Amino acid sequence: MNDPQDQFGDESRKPASASTPFADLGRIVVIIPTYNESGNVERIVGRVRSALPEVHVLIADDNSPDGTGQLADQLAAGDDHVNVMHRLGKEGLGAAYLAGFTWALEMGYDVVIEMDADGSHQPEQLHFLLEALRDADLVLGSRWVQGGSVVNWPKSREFLSRGGNWYTRVALGMPLRDATGGFRAFRASTLRALDLDGVGSAGYIFQVDLAYRTVQAGLRVVEVPIEFIEREVGTSKMDSSIVSESLWLVTVWGVRDRMRRISRHRMEKSKAKRDQGW
Ligand SMILES: Nc1nc2c(ncn2[C@@H]2O[C@H](COP(=O)(O)OP(=O)(O)O)[C@@H](O)[C@H]2O)c(=O)[nH]1
Ligand SMILES: [Mg+2]
């Protein structure tokens, strides 16, 4: 990719016109990470562009062997709202997003959206996220709040996702029902407020880590129901090692943060005793 400052012509640097429904939120970019999504990339970009013509798209491709990056270049050549980041090789979803976030912040976007390429997240539901972002710092598209749903998932996968989210909620003491999902909208100010160094890079833990950091920073996190549709084209890049890494790290963080709270509580108690002259 060229110098980020050269990516947009003057036209796309202008704020969205006041007549667009989300002009008040500022400039919006949807980041779509891709690895071997040649059967999906064109369709998903087209759907985003039709659903919300004012938003920009960044495809963050990890040098997919199936030519997704070249297809993305063709899309970008014909549309000044579409950009492509070519990365050297497969480094995981989180690393691709972090590079995309850095780019988006440098480019001065006000809202940064995460969305999968495979159609599981519906561009036609993006407006739910954006509407909620008016009163939030981070909005999570949620399968597991009332009104949320999944389509074409076997019971076993639903059980794993619900169970993983239940465990995450309890272990971290975080009141979110779908912390592993990847359809979300951040204010740029939220990303700037988080220390993104050391965020986990494999799929699910990356999402949990970001949500947890946002909650811990005292920012407003809101969940809105979405309908998640299992992909029809291509294959999932997540596997059981990514699930077990996530569960392990959630356990480590949960224990670490409880121990910190206990030792803080003890210190406060002994200070109170000293102050009372005991
Ligand atoms: N750039 C990049 N994208 C990835 C990587 N792994 C997954 N993705 C993309 O992340 C999104 C979600 O991945 P997917 O395999 O559908 O995960 P699942 O929905 O949890 O089964 C898709 O758009 C993938 O192409 C990666 O290592 N690098
Ligand atoms: Mg998927």
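A few notes on this one:
- Each residue in segment 52-62 was checked for being under 14 Å from Lys237 (Cβ atoms) and either surrounded by fewer than 19 Cβ atoms within 10 Å (Cβ to Cβ) or of a type in the set (Asp, Glu) (or both), and 2 pass.
- Restricting Asp195, Asp178, Asp239 to those that are in contact with a strand residue (DSSP E or B) (Cβ under 6 Å, 6 or more places away or on another chain) and of a type in the set (D, E, K, R) reduces the list to Asp178.
- Tally, over segment 70-112, of residues that are away from ligand 1 (no atom under 16 Å from the Cβ), assigned to a loop (DSSP other than H, G, I, E, B) and surrounded by fewer than 22 Cβ atoms within 10 Å (Cβ to Cβ): 7
- Residue in segment 113-125 that is surrounded by the fewest Cβ atoms within 10 Å (Cβ to Cβ), counting only those that are more than 8 Å from ligand 1 (Cβ to nearest atom) and over 13 Å from the mean Cα position of the chain (by Cα): Glu124
- Output for segment 168-196, where each listed residue is part of a helix (DSSP H, G or I) and more than 24 Å from Tyr109 (Cβ to Cβ): Thr168, Arg169, Val170, Ala171, Leu172
- Asp239 vs. criteria within 16 Å of ligand 2 (Cβ to nearest atom) and loosely packed, with under 14 Cβ neighbours inside 10 Å: yes
- Restricting segment 105-118 to residues that are within 15 Å of Ile32 (Cβ to Cβ) and in contact with a Pro (Cβ under 9 Å, 6 or more places away or on another chain) leaves a set whose member that is nearest to ligand 2 (Cβ to nearest atom) is Asp116.
- Of all residues making up segment 52-69, the number that are within 24 Å of Ala23 (Cα to Cα) and within 13 Å of ligand 1 (Cβ to nearest atom): 3
- Residue within segment 256-268 that is surrounded by fewer than 21 Cβ atoms within 10 Å (Cβ to Cβ), of a type in the set (A, V, I, L, M) and within 14 Å of the chain's Cα centre (by Cα) present: no
- Of the residues making up segment 214-232, at least one is surrounded by fewer than 16 Cβ atoms within 10 Å (Cβ to Cβ) and within 13 Å of ligand 2 (Cβ to nearest atom).
- Residue that is more than 13 Å from ligand 1 (Cβ to nearest atom), surrounded by fewer than 22 Cβ atoms within 10 Å (Cβ to Cβ) and either part of a helix (DSSP H, G or I) or of a type in the set (A, V, I, L, M, F, W, C) (or both), where the choices are Arg49, Arg43: Arg49
- Number of the exception - Leu98 against (1) without any contact (Cβ under 8 Å) to a residue 60 or more places away in the chain; (2) away from ligand 2 (no atom under 16 Å from the Cβ): (1)
Read-outs throughout are calculated quantities, based only on the coordinates presented, and are distinct from any laboratory measurement. From a predicted model like this one, the values you see are computed outputs, not experimental measurements. FYI the Cβ positions are ideal-geometry reconstructions off the backbone, even for glycines, and counts take in every protein chain you see.
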